[in-house]
1. Once both labels are modelled 7 Å past Cα along the beta-carbon direction, what's the residue 245-residue 215 spacing in nm?
2. In whole Å, largest first, what are the principal axis extents of the Cα atoms in the stretch 106-242?
3. Using the alpha-carbon centroid of each, what span in Å lies between the stretch 123-152 and the stretch 278-304?
4. For the stretch 191-296, what is the relative contact order in percent, using Cα pairs closer than 8 Å and at least 6 residues apart in sequence?
5. Report the calculated FRET efficiency for residue 315 and residue 194 (r = Cβ-Cβ distance, R0 = 45 Å), to the nearest 0.05.
6. At residue 288 and residue 111, where each label point lies 7 Å from the Cα along Cα→Cβ, what is the point-to-point distance in nanometres?
7. So, R0 is 25 Å and r is the distance between the beta-carbons of residue 279 and residue 161; what FRET efficiency does that work out to, to 0.05?
8. Suppose R0 equals 45 Å. What FRET efficiency, 1/(1 + (r/R0)^6) with r the Cβ-Cβ distance, do residue 88 and residue 322 give to the nearest 0.05?
């Protein structure tokens, strides 16, 4: 881009991990080159935990120096038809990190700039351009917890089933972090009135993929698994209300969300999953994983006495796991299981 902002990455982008920890989600440094100058101030992009005001001011100045803000300000008051095809192409030309101006505006929290870029897109495909981490602008908006921008992207025709390098859709990222407002913005059906109010042509309306809620990422995790691992009970109820399969097995061990909750010893998530609708999700508490174990049996083997007691009191048909006592390792496991079960009985009668 001749006058646009150039980005040079000095750290790996998008460090994520199946929801076990919150790491930096989007980090790069940005250079703004003014006409006739050789010096380029380094600008640190915001991360998921917040934005430093000085960095935002520097990026804002970079946008003004490039002329982008003034042009977009005019665009908000007039038609994008006045912009030439070459100028439109310039705004959606990726830099060396694969980021276009829409990625950068969303990542920096400039809602007005992002809205203008969305409106001026010559085709909905321009709204789903991925960067080198395969993050589309919709991924970035979810990572930055910007439901207003998420909704405008959806209304304008951005793909909600686009996958990043880990196979995660924007809804996967929302589930992992419990961004309920973003999830609602993704899944809510688009109304004609919304398209009209946004000043967008009605031809941009697209139907939502029917199976977006139950899509799996590269390791076989669905939104229900990520929300469970993140400890987001409200998000689980939200998925349940949207008819997600709350007993879906994951792709690595056939574990249902309840297995994950038991393994993580999250009693409040277990309660949410077992409780019947509408307060809970009403899952099948006796579902087997690929090792033939129910959540109750997993709790017994893990020595999670409180959880095992809770499940046995709420679920009928709880039985101890069967093990091969001929093998030495299995006999040790079997004896440990019996000791755990004895403790359960003692605590239950106390």
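The numbers here are math on the coordinates, done by the rules we state, and not lab data. Predicted model, so just to flag it, every value in this text is computed and none were measured. In this analysis, Cβ positions are derived from the backbone assuming ideal geometry, glycine residues included, and neighbour counts consider all displayed protein chains.
1. So the label points at residue 245 and residue 215 sit 1.6 nm apart.
2. Each principal axis gives a Cα extent; for the stretch 106-242 these are 39, 33, 24 Å.
3. For the stretch 123-152 versus the stretch 278-304, the Cα centre distance is 36 Å.
4. On the way: 137 pairs, mean separation 20.7, N = 106.
RCO, the stretch 191-296: 20 percent.
5. Values: r = 43 Å, r/R0 = 0.96.
Once rounded, the FRET efficiency stands at 0.55.
6. Modelled inter-label distance: 5.2 nm.
7. According to the calculation, E is roughly 0.25.
8. Working: r = 65 Å, r/R0 = 1.45.
The calculated FRET efficiency here is 0.10.
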